[in-house]
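Engineer: Structure below; questions to follow.
Just so you know, all these numbers are worked out from the coordinates, no wet-lab data involved. The structure displayed is predicted, hence computed values, not measured ones. Virtual Cβ from ideal backbone geometry, glycine too; neighbours counted across all protein chains shown.
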Amino acid sequence: MSTPSNAIPIFNPRTGERDGEIVPPSAAEITQIARDLRAGQVAWEALGLDGRIAAMRRWADAIEANAAQISAAEMRDTGRKRVAHEVPFIVAGSIRGWCARAPKVVERAYFEGTSTVMPSVSYRTQLVPYPLVGIISPWNHPFLLSMLDAVPALIAGCALLVKPSEVTPRFVEPVTETIATVPELAAVLRYIVGDGGTGQALIEQVDALCFTGSVPTGRKVAEACARRFIPSFLELGGKDAVVVTGSADIQQAAAAVLKGAVSNTGQMCFATERAYVAREIYAPFVEELKAQASAIALSYPDMSQGHLGPYILARQADIVDAQLQEAVDAGATIEIGGQSQTLGGGRFMPATVVTGVDHSMRLMRDETFGPVIPVMPYDSVDEAVALANDSEFGLSGAVIAGDADEAEHIAERLNAGAISIQDTSLTLYIMGDVEKTSFGISGLGGSRMGPNAMLRFFRKKALIRR
Ligand code: NAD
């Protein structure tokens, strides 16, 4: 059979080989899928909260039963190990978490009473779900990021049209098998594969949109949503800073900074991308960072080896290489690590520590998305706070000090939505628990985290009686 002209190739990040392709649906097909989902949503909403929760619990069971297949597909798309094994369980856990908290969230959002200015007038709230919500998600955590917003939206009573990244679409097939085991859900949850063109066609069909991805694409998506006057909930990039004070335990701080910087080969929105370290410990801290970085082996030639997997997207390696080269040309020093290497066809990069950096460099300003940690000394806490806050981004950050109270005082002064104290990247553990607003260009449209995230998927209607 010949390859359709609109087929999009898929590459294996470990070998660089083109080993698959996806064929996006046409605009007419997307329109029909959206119509079917809208039709299905009527029965889904009529099921009521308890009925939807029961269906979602069955889906969580199906995901766990199919975890090996979902993980295998994701590992092939991302070239990474470990984290991928856990993903189906994190998603199933998130479903169960939302099933447990949803009734309380809905109850708390309900108001009834009498008017304070006209006591003969009474009112009550009706929560009306958006019939069809769209999700557009990135490649760094394919299944997880396609589902973070989808789960509360489904429980709220919305139908969902999901378009994950064209770079990592293989998980869609085993996940679709799990959806098919819950017929009520299958009528309201559809994945489609495709690139930005498919994303734009999706936006034309939905009543609200959740987007996770880069700032430039987020801008295009927000514009398209604004033209249609539909809400867009945007979760975008980051340039997380960590402040390490002079009283910090050097070994522990270096371990936390390195973990934040290189986990998932730095391809995380809340990766630690800048370190500001008190001058009195700067030299030994850099030495410790180098020693620990040198112990992190590449996950090569196969997944059983090492820790640091390949770049998921070869183009990302070029972006990071260019930032590094520019920094070196402007006077920075690579203390350990360096440019990406092509091994067995995949693009790998060792854990890389850079000094001699300043804020004129893109390495300190733009999102890097690679296993690189530039380190800069500071002379006062005020200076450290000013440097950390000197960024357009404001996703999250971290502070490590001799004691947690000292760290927390500094954390209160940082302009970002979630600050990890005495560690990095702790956001991961509080997803369902507490709200967080992205500062600056890191996001818009309210918090995807915390119980109230579910309320974004309702229109709030007031029924007012005389
Ligand atoms: P991207 O912006 O290139 O793509 C994201 C999604 O948008 C993909 O599905 C893509 O096909 C789609 N898309 C591309 N052009 C489009 C268009 N014109 N209209 C509609 N959709 C379009 O991002 P990426 O490279 O896949 O992911 C990496 C980025 O995601 C990083 O910036 C990272 O920080 C960010 N991210 C943010 C979070 C968060 O929670 N804040 C989480 C993970 C990743």
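Engineer: Decide, for the range 263-307, between rounded, prolate and oblate: order the square roots of the alpha carbon gyration tensor eigenvalues as a ≥ b ≥ c, take rounded if a/c falls under 1.5, and otherwise choose prolate if a/b is larger than b/c, else oblate. Could the numbers behind the result be given before it?
Structural biologist: Working: a/c = 5.91, a/b = 1.68, b/c = 3.52.
Since a/c reaches 1.5 but b/c is at least a/b, the shape of the range 263-307 is classed as oblate.
Engineer: Which one, CYS99, ALA109, PRO88, is farthest towards the positive end of the dipole of the range 77-120 when Lys and Arg carry +1 and Asp and Glu -1 on their Cβ?
Structural biologist: Checking the options against the dipole of the range 77-120, the answer is PRO88.
Engineer: Could you tell me what % of all Cα pairs in the range 1-156 have separations over 21 Å? Can you show the working numbers first?
Structural biologist: Values: 7516 of 12090 pairs.
So the pairs more than 21 Å apart make up 62 percent of the total in the range 1-156.
Engineer: From the P(r) of the range 241-429, can you give the percent of Cα pairs sitting at distances over 21 Å?
Structural biologist: 45 percent
Engineer: In what sequence, highest mean first, do 397-404, 33-40 appear when ranked by Cβ atoms within 10 angstrom?
Structural biologist: In decreasing order of mean packing, 397-404, 33-40 become 397-404, 33-40.
Engineer: Follow-up question, since we're still on this one. Is the range 304-394 best put as rounded, prolate or oblate by its Cα gyration tensor, with a ≥ b ≥ c the root eigenvalues, rounded for a/c under 1.5, and otherwise prolate when a/b is larger than b/c, oblate when not?
Structural biologist: Here the range 304-394 falls in the prolate category.
Engineer: Based on a Kirkwood Rh over C-alpha pairs, give the Stokes-Einstein translational diffusion coefficient of the range 14-94 at 37 °C and viscosity 0.692 mPa s in µm²/s.
Structural biologist: 209 µm²/s
Engineer: Using a cut-off of 15 Å between beta-carbons, work out the net charge of the residues near GLU107 (Lys and Arg +1, Asp and Glu -1, GLU107 not included).
Structural biologist: In short, +3.
Engineer: Please work out the C-alpha center-to-center distance from the range 376-429 to the range 188-206 and express it in whole Å.
Structural biologist: Centre-to-centre distance over Cα atoms comes out at 37 Å.
Engineer: What are the residues whose amide H is under 5 Å from the amide H of GLY20, where those residues sit 5 or more places off or on another chain and H is modelled from the backbone?
Structural biologist: For GLY20, the qualifying residues are ILE10.
Engineer: Let me ask you something else. For the chain, calculate the relative contact order in percent as a whole number, restricting contacts to Cα pairs under 8 Å that are 6 or more residues apart. Mind showing how you got there, number by number?
Structural biologist: On the way: 1026 pairs, mean separation 83.9, N = 466.
Contact order relative to length: 18 percent.
Engineer: For the chain, what is the per residue volume of the convex hull drawn over the alpha-carbon atoms, in cubic angstrom?
Structural biologist: 162 Å³
Engineer: Please state the charge dipole magnitude for the range 241-429, taken about the Cα centre, from unit charges on C-beta atoms (+1 on K and R, -1 on D and E), reported in debye and rounded to the nearest 20.
Structural biologist: Around 680 debye, computed over the range 241-429.
Engineer: Could you list LYS290, LYS239 in order of exposure, starting from the residue whose Cβ has the fewest other Cβ atoms within 10 Å?
Structural biologist: By the 10 Å Cβ count, ascending, the order reads LYS290, LYS239.
Engineer: Could I ask something else about it? Which whole DSSP H helices in the chain pass both tests: a Cα extent of 15 Å or more along the axis and a mean Kyte-Doolittle value no lower than 0.5? If you can, show how the numbers build up before the last one.
Structural biologist: Values: long enough: 27-46 (29 Å, -0.04); 48-65 (26 Å, -0.11); 67-78 (16 Å, -0.24); 83-108 (36 Å, 0.35); 215-228 (20 Å, -0.52); 250-262 (18 Å, 1.11); 279-294 (23 Å, -0.34); 314-329 (23 Å, -0.32).
TM-like helix candidates: 250-262.
Engineer: Select from VAL381, THR342, GLY443 the residue farthest towards the positive end of the dipole of the chain; place +1 on Cβ of Lys and Arg, -1 on Cβ of Asp and Glu, and compute about the Cα centre.
Structural biologist: Of the candidates, GLY443 comes out farthest on the positive side.
Engineer: From the Cα gyration tensor of the range 79-223, with a ≥ b ≥ c the square roots of its eigenvalues, which class applies: rounded if a/c is under 1.5, or else prolate if a/b is larger than b/c, or else oblate?
Structural biologist: Judged from the Cα gyration tensor, the range 79-223 comes out prolate (a/c at least 1.5, a/b above b/c).
Engineer: Let me ask something else about it. Give the residue list of GluC sites (Glu not before Pro) in the range 96-195 that are DSSP loop and have at most 12 other beta-carbon atoms within 10 angstrom. Numbers along the way, then the final one.
Structural biologist: On the way: sites: GLU107, GLU112, GLU166, GLU177, GLU184; in loops: GLU166.
Answer by residue number: there is no such site.
Engineer: With only alpha-carbon atoms in the gyration tensor, what are the semi-axes of the equivalent ellipsoid for the range 210-259, in Å, largest first?
Structural biologist: Semi-axes from the Cα gyration tensor: 39, 9, 8 Å.
Engineer: Moving on to the next point. Expressed as a fraction of 2.2 N^0.38 Å, the rule-of-thumb size for a compact globular protein of N residues, what is the C-alpha radius of gyration of the range 156-315?
Structural biologist: Dividing the Cα radius of gyration by 2.2 N^0.38 Å gives 1.39.
Engineer: Going highest first, how would you order 206-214, 342-350 by mean Cβ packing within 10 Å?
Structural biologist: So the order, starting with the most tightly packed, is 206-214, 342-350.
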